[in-house]
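To start, the structure itself, in structure tokens.
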Amino acid sequence: MDVSHILDSLNDEQRQAVAAPMRNLLVLAGAGSGKTRVLVHRIAWLMEIERLTPTSIMAVTFTNKAAKEMRGRIEKLLDLPPRGLWFGTFHGIAHRLLRAHWRDANLPENFQIIDSDDQLRVIKRVMRDLQLDETKWPPRQAQSFINAQKDEGIRAEYIEATSDLYMRTMAQVYKGYEEQCQRSGMVDFGELLLRSHEVWLNNPQLLAHYQERFRHILVDEFQDTNTIQYAWLRVLAGNRIPLTVVGDDDQSIYGWRGAKIENIQHFQNDFADSMQVKLERNYRSTSTILDAANGLIANNGSRLGKQLWTEENEGEPIDLYSAFNEQDEANYVADCIDDWVKKGNLRSDVAILYRSNAQSRVIEDAFIRQQVPYRVYGGLRFYDRMEIRNALAYIRLVHYRHDDAAVERVINVPPRGIGNKTISDIRDHARNESVTLWQACNEMISLGSLRGRAANAVQKFIDVIEDLADGATDLPLHTLVEKVINESMLKEFHGSEKGEKGQARVENLNELINATRDFEADDEEMEPLSAFIAQAALDAGENQAEEHEDSVQMMTLHSAKGLEYPLVFMVGMEEGLFPHSRSAEEPGRIEEERRLCYVGITRAMEKLVMTHAETRRLYGQEKYHAVSPFIREIPASLIQEVRLKNTVTRPVSFQRANDESWATAASSEAAFQLGQLVSHPIFGEGTVLNYEGQGPHARIQVNFLSEGSKWLVMSYAKLEAL
DNA sequence: CCCCTACTGATCCAC
DNA sequence: TCAGTAGGGG
């Protein structure tokens, strides 16, 4: 057997991992060490050397993007698509299992996946039914409670009846929510895993079937697994199926989302007879960058232990810039990028990394001023956009009339005269009669329990859906979707929103049609429509449409994981910002922040620049932050201070901006001060609450004793100070 | 039903 | 500070 095409391009460590015996294997893959490559080659090895069929291999990832990339690379390596390979995210695979065994899972055949937005609506409804005060019990809090429980594998019934009012109330909501979901066949993300885990526990034969079928399971980013995912894997593997897990404990940054770093730390104890391979050779960064990363992460205790190395040369030192304030910091970054581009480099090779999204604004402002094209990652994902979610709700209703979450969403979108009163009547009917909202609509109309106008409107809603559904099964997917978007009037509705927003919304709707046009189900057994609906629920879609212009990439440290850039800026390296002040509370959180810093550093290939601001305006207040302790943990010899603190001269642009704003405030204050008592010839006495603008357009807000608060134009108001 | 005002709260976010 | 949103008034 010629194995050269599988092993030739690999280094020794990588080969060891790829060609390891069919036993439990932990691959500790450092940043930039060729992790994906090892996974892909391992799969090829299993198929060609160990002679496993594609159907007997399961490969699990966390994101659809990762799954897609891996699939592409396997196809390229093997020169053919690996048909039958079980490939996907934890949720995608769990969903597939539940579709196949819906009876065993005690679900209706056409159960629907709901995302967090739908989930919140359902929870709100349950809480309203329980007559809980929304201000005292925020639905969002209940939502995260429920999701956290599910991630831990805990059902409502297992939450003990405690005297703790909070726990009792939450458990009550959780219970009501579970019942509501069960009644209307809704399954949330956590439920996919929880339910399929239970299916295996309750059906030994079914579990045995899969244990015979799968001969190997591979898991990517193992350090990100949470409790239920880990349990899911353990039950499935059950000492019968060997696992290859790949991950890096030093890059575990999702503890706040339920990920358990212990899962990778204890893997060797929990999975019998396992071996471990470390990938420590880095192919990405200069040795300076790696030494910085190694020095930093050495401050964490209880690591599995890794030391990145490279054959690359030292490269440039790490720059540290102490900015006067956040504007100065932003200008400095913009200036550096100008230099970089003048030297003939690409802007798309530059990334700006920050701890929290709020930090991007100041930098964006500077980029706009200096005309640096940029692109911000994150924000709303495609399938989270309002117009897309509305369109999907219609599509879901065409497919399955009893989707309560979808009815709630679009019963009055676009507005067709169904008011809150009518909707809550429909909800009441549905609850009293134990039927779905769709059934409630129909029943109430035939019973005549809706008034004339409301009845007409509801009938109109029913007709729209029924008309769309009529003959829907004969149409190709994209034609159907196009029809839905047009006939639901969503295009007109969203298109008429003012500004460029409407335009963008229509474009997105068109994009949705395009997406269906080249949609391919990865599960051939499902009908296209339900496959598409499931995909839309489980795949957030590409972050954003590709930007054509060469632009700087801006993102949070979290979303930078897995990416690499020749030039990386880590901004806001200040205590309180990074590490974030909220992470000082719990033990272990600082270590996670340190790992996040490690992730940031190891994104850089050639050059790393860190900046911090001595003063920063945060939540409307000027704050003085100390330099991040993480900077001190990097060997000082690797860092070069760009400018010594005591020689700082204020940049010209800053001085001007600052002086102007100071002058404005001063001149306004000269006239009236906030809180000052004033008198008006007509409105009488009042207190100054606020003012804005300057010169003849300046306006002032006064809270009058008799009239309440009013905005007045200062030059006409004839106010007198008292 | 839409717009304005007042209020709140504020890391990180895939599925 | 400011963004997002709930509730009142036109």
Quiz item: Looking at A:A44, A:G30, A:H91, which one has the Cα that reaches farthest to the positive end of the dipole of region A:1-138 (charges on Cβ: Lys, Arg +1; Asp, Glu -1)?
Solution: A:H91
Self-check item: Rough spin-label spacing in nm, given labels placed 7 Å along Cα→Cβ, for A:Y377 and A:N11
Solution: 2.4
Practice problem: Just grab the label-to-label distance for A:S163 and A:E69, each label 7 Å out from Cα along the Cβ direction, in nm (one decimal). | Solution: 5.3
Practice problem: Please name which of A:N510, A:P414, A:T436 has its Cα lying farthest along the dipole of region A:383-539 towards the positive end, using unit charges on Cβ (Lys, Arg +1; Asp, Glu -1) and the Cα centre as origin. | Solution: A:P414
Quiz item: Quick one: length gained pulling A:S144 to A:L677 fully straight, 0.36 nm per residue minus the C-alpha distance?
Solution: 187.2 nm
Quiz item: Out of residues 5 or more away from A:R617 or on other chains, whose amide H comes under 5 Å of its own, with H placed 1.01 Å from N in the peptide plane?
Solution: A:E326, A:K623
Quiz item: Leaving out same-chain residues fewer than 8 places away, which lysines sit with a Cα under 19 Å from that of A:K343?
Solution: A:K607
Quiz item: Assuming a viscosity of 1.306 mPa s and a temperature of 10 °C, what translational diffusion coefficient in µm² per second does Stokes-Einstein assign to chain A, Rh being the Kirkwood radius over Cα pairs?
Solution: 54
Quiz item: Which ³J(HN,Hα) values in Hz, rounded to whole numbers, follow from the phi angles of region A:419-431 under the Karplus curve 6.51 cos²θ - 1.76 cosθ + 1.60, where θ = phi - 60° and Gly and Pro get x?
Solution: x, 4, 4, 4, 4, 6, 4, 5, 4, 4, 4, 4, 6
Practice problem: Please work out how much length the chain gains when fully extended from A:W309 to A:N456, using 0.36 nm per residue of separation minus the C-alpha to C-alpha distance, in nm with one decimal. | Solution: 45.8 nm
Practice problem: May I ask which residue of A:I590, A:A148, A:I217 lies farthest towards the positive end of the charge dipole of chain A, with charges of +1 (Lys, Arg) and -1 (Asp, Glu) on Cβ and the Cα centre as origin? | Solution: A:A148
Quiz item: In terms of modelled amide H atoms, which long-range or inter-chain residues lie less than 5 Å from the amide H of A:L107?
Solution: none
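Could you sort the peptides A:408-418, A:247-257 by per-residue average Cβ neighbour count (10 Å cutoff), highest mean leading?
Sorting A:408-418, A:247-257 by mean packing, highest first, produces A:247-257, A:408-418.
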Quiz prompt | Estimated distance in nm for a label pair at A:A626 and A:E641, the labels positioned 7 Å out from Cα along Cα-to-Cβ | solution = 1.6
Quiz item: So if we plug the beta-carbon distance of A:E492 and A:H548 into 1/(1 + (r/R0)^6) with R0 = 35 Å, what FRET efficiency do we get, rounded to 0.05?
Solution: 0.75
Practice problem: Mind checking which lysines have their Cα closer than 22 Å to the Cα of A:K124? Skip sequence neighbours fewer than 8 apart in that chain. | Solution: A:K136, A:K150, A:K175, A:K421
Quiz item: Dividing the alpha-carbon radius of gyration of region A:96-198 by 2.2 N^0.38 Å (N being the number of residues), what value is obtained?
Solution: 1.06
Self-check item: Stretch gain in nm, segment A:I368-A:E50, where the contour uses 0.36 nm per residue and the Cα spacing is subtracted
Solution: 108.9 nm
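Hey, what number do you get for chain A at 222 nm if only DSSP H runs of n ≥ 4 count, each worth -39500 (n - 2.57), divided across all residues, to the nearest 500?
Taking each H run of at least 4 residues, the total per residue is -14000 deg cm²/dmol.
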Exercise. Taking the Cα centre of chain A as origin, sum charge times position over the Cβ atoms of Lys and Arg (+1) and Asp and Glu (-1), and report the length of that vector in debye to the nearest 20.
Key: 840
Quiz item: Amide H to amide H under 5 Å from A:L218: which residues, 5+ apart in sequence or cross-chain, H placed 1.01 Å off N in plane?
Solution: A:M58, A:A59, A:V60, A:T244
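FYI, it's all coordinate maths here, none of it is from the lab. Note that the structure is predicted; figures quoted are calculated from it, not measured. Cβ: placed from backbone, ideal geometry, glycine included. Neighbour counts: every protein chain shown.
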